[in-house]
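Input: a single structure, listed below in C-alpha cells.
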C-alpha cells in the first residue's frame, strides 16, 4: 500500500482513522502469515444432535447452529433443569460458564463489581489490531461518562420529537408492499425500516443507508466473535470504510458548526456538543467502537423483533385475532415480542473474583455468558414461557434489554418503532401470512432471521 | 388512613393508602398509579420506577444508595431528590408525603 497515494486520495483531514485500521489489518495479516495468529476455523454446518443424547458436560451452547436449526429451546431447557450454571471447557471460544436461569442472570447483570464487561461482551474475541472500544464493554466509571454523553440521542424527550418522522417513514415502506404476492419480509420491511431509522439518528446520507446495515452485519457476525460466517479480513475492510465515512461526516458537521449553523439532534452533533466526547475523533478506536455499538445496537435487535412479531402471531393465530379485536394491546404485545424473540441471545462477562452461584464456583478470570434467550423462557420466573401471549401480565419484566448499568440505552426507541409498525400494519392489512419456514441467522449472539416469506391480505 | 400522594407529570394526583413495609413501587403498582414501569420487578436494576420525593420528605425516606445512584444516572430527568421507588420501604411516618413522577421512565 502506498501511503502517499492514500493521503492524496482521501485528503489529509480524514486520513488517520482509516489508515490506522488498514495498518492494523496489515499487521494482523503479517502475524497470521508468520503463524503467530491461527486462523479461526470456519464453522461447517452439521445437524445439531438431539440434546437428550448428550452427556451434560458435553453440551456446548456456543454452537452457532443451535439457533440456525431452531434447536435451542431443548438445549437451554436441559441446562436450566439439570445444570443451570454450566461449565463447557472445550468450546471453540475457549472455556465458558453458561448462566441460564432468570434469577441468576439478574444477579450477574446487576453485579458489575463482580463481573466485568471488559474487554468484549460477546462470547468470542476480535483480533487485537481491531480492538475498538465501546462503552458497553467498559466498566464504571469510564462507562458512565461515555454513555451519558450519547444517551440523549435516544432519550424519550428526543424520541417524542421524532415520532412523526418515524411514522411517516414507516408508512412509506408499508405503502410500497405488494398485496397477495409473496415477498421477503426481512428484506423489504425489517431491514429497510431499521436502516432508515439508523440513517435518521446518525444523520447519515440517506441514499447510502444500506452501508449501515452492511457494517452492522459485519461487526456483529464474525466467526471468531459470535460464530458467524464473516471472515476477519472482510471485517477489517468494512471497518476501514466505516471509519472513512464517519470521519467525513464528523468533519462536515464540525465545519457547519464553525460556520455558525445550529447543531442538530443527531448522534454526531450530540457527541460534538458534549465536553466529554467533543474530541472523540482523536481517539479512533473509541470513536469507531461507539459508533459500531450504536449501529449494531439499533439494527439486528429491532430488525429481528420486527420479523419475530410476525412469526409469533402466525404460530399463535388466536393472539392475532385478539390483537385485531383490540389494537390497544399493541404496547403490551411489543414487550411480549421482545421477550419471545430475545434478538440478542447473550452477553458475556469476566469474573473479577471467585463467585459462588447456584452450587458452582466461578473462578476469578472465568468467562461467564448470560443467556438472555434462556432466562426469558425460564419456567421458574415466567408463566408458560414458550407461549406468546400478547396481553401477558408483567410482559415488561423480560431480560432482553439486560439489567443494571448496561441496560439497553435504546429500549424506548425500540418500543416506539415496534409500536408504530404494528399500529400502521393493523391500519392497512387484514392478514400477514408467513408462507414458508423462515431462515435463521448463523450466530450464537444474534437470534434472528435472514429470510421470511410472507403474503399480505388487504383489510 | 395514612397516605402518600403521587403526582403525575401532567399534575394528576393519586392519594394511596400506606401499607407499612411495602415498597413505594409496589404501593404505586397495587393502586394502579400510572407512570411506574418497574421492569426489573424491584431489583434496583432498571431505573423505571423513578420518583422525585418532594421537599423535606427526603429526610424521611433517606437518600439514594450508591447502586441506586448508578441507575438514576441513566435518566436525564434526575433531580437531587430522585429515588427509585422500589428502594423505599413505606412506613406510617410517610403520612402526607408527596412523590412526583417524571415525564418519562427510562
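Bear in mind these aren't lab numbers, they're just calculated from the coordinates by the rules spelled out. None of these values were measured; they are calculated from a predicted model. Neighbour counts run over all protein chains shown; Cβ positions are idealised from the backbone, glycine included.
Inter-chain neighbour count for B:32-41: the average number of beta-carbon atoms from partner chains within 10 Å of each residue's beta-carbon is 3.
As a proxy for reagent exposure, A:165, A:413, B:24 were ordered by neighbouring Cβ count within 10 angstrom, fewest first; the result is A:165, A:413, B:24.
Calculate, for residue A:363 and residue A:55, the FRET efficiency according to 1/(1 + (r/R0)^6) with r their C-beta to C-beta distance and R0 22 Å; round to the nearest 0.05.
Details: r = 22 Å, r/R0 = 1.01.
Efficiency, rounded to the nearest 0.05: 0.50.
In this rough spin-label picture, where each label sits 7 Å from Cα along the Cβ direction, the residue A:46-residue A:26 distance is 4.1 nm. Shape class of chain A from the Cα gyration tensor (axes a ≥ b ≥ c, square roots of the eigenvalues): oblate, since a/c reaches 1.5 or more and a/b does not exceed b/c.
Arranged from fewest to most other beta-carbon atoms within 10 Å of their beta carbon, A:380, A:349, A:71, A:412 become A:380, A:71, A:412, A:349. Put in order of Cβ neighbour count within 10 Å, fewest first, the listed residues B:51, A:213, A:173, A:441 become A:173, A:213, A:441, B:51. What's the FRET efficiency of residue A:384 with residue A:435 using the Cβ-Cβ distance as r and R₀ = 25 Å, to the nearest 0.05? Calculated transfer efficiency: 0.35.
Segment A:218-275 and segment A:120-170 have Cα centres separated by 12 Å. Peptides A:132-141, B:89-98 ranked from most to least packed by the mean count of surrounding Cβ atoms within 10 Å: A:132-141, B:89-98.
Considering every residue in A:399-407, what mean count of other chain Cβ atoms within 10 Å of its Cβ is obtained?
So the per-residue partner count for this stretch is 5.
For residue A:283 and residue A:350, the difference between the fully extended length at 0.36 nm per residue and the C-alpha to C-alpha distance is 21.6 nm. The slack between residue A:206 and residue A:33, meaning 0.36 nm per residue of separation minus the straight C-alpha distance, is 58.3 nm.
In this simple spin-label model, placing a label point 7 Å from the Cα along the Cα-to-Cβ direction at both residue A:175 and residue A:214 gives a separation of 2.9 nm.
Treat each spin label as a single point 7 Å out from the Cα along the C-beta direction, and report the residue B:89 to residue A:455 distance in nm. For the pair residue B:89/residue A:455, the computed spacing is 6.2 nm.
Note down the relative contact order for chain B as a percent, whole number, built from C-alpha pairs under 8 angstrom at least six residues apart.
Values: 211 pairs, mean separation 44.5, N = 106.
Relative CO of chain B lands at 42 percent.
Taking a ≥ b ≥ c as the square roots of the Cα gyration tensor eigenvalues, segment A:229-377 comes out oblate, since a/c reaches at least 1.5 and a/b does not exceed b/c.
Secondary-structure-derived ellipticity at 222 nm for chain A, considering helices only, amounts to -14500 deg cm²/dmol, per-run term -39500 (n - 2.57) for DSSP H runs with n ≥ 4.
If I take R0 = 41 Å and measure r between the Cβ atoms of residue A:234 and residue A:113 in this structure, what FRET efficiency does the formula 1/(1 + (r/R0)^6) give, to the nearest 0.05? Approximately 0.65, to the nearest 0.05.
Using a cutoff of 8 angstrom between alpha carbon atoms and counting only pairs six or more residues apart, the relative contact order for chain A works out to 25 percent.
Averaged over peptide A:148-156, how many Cβ atoms belonging to another chain are found within 10 Å of each residue's Cβ? Mind showing how you got there, number by number?
Details: counts 3, 0, 0, 5, 1, 0, 1, 6, 8.
The mean count of partner-chain Cβ atoms within 10 Å per residue comes to 3.
Is segment B:3-100 best put as rounded, prolate or oblate by its Cα gyration tensor, with a ≥ b ≥ c the root eigenvalues, rounded for a/c under 1.5, and otherwise prolate when a/b is larger than b/c, oblate when not? In terms of gyration-tensor shape, rounded.
Applying 0.36 nm per residue to the separation of residue A:74 and residue A:257 and subtracting their alpha-carbon distance, the gain on full extension is 60.4 nm.
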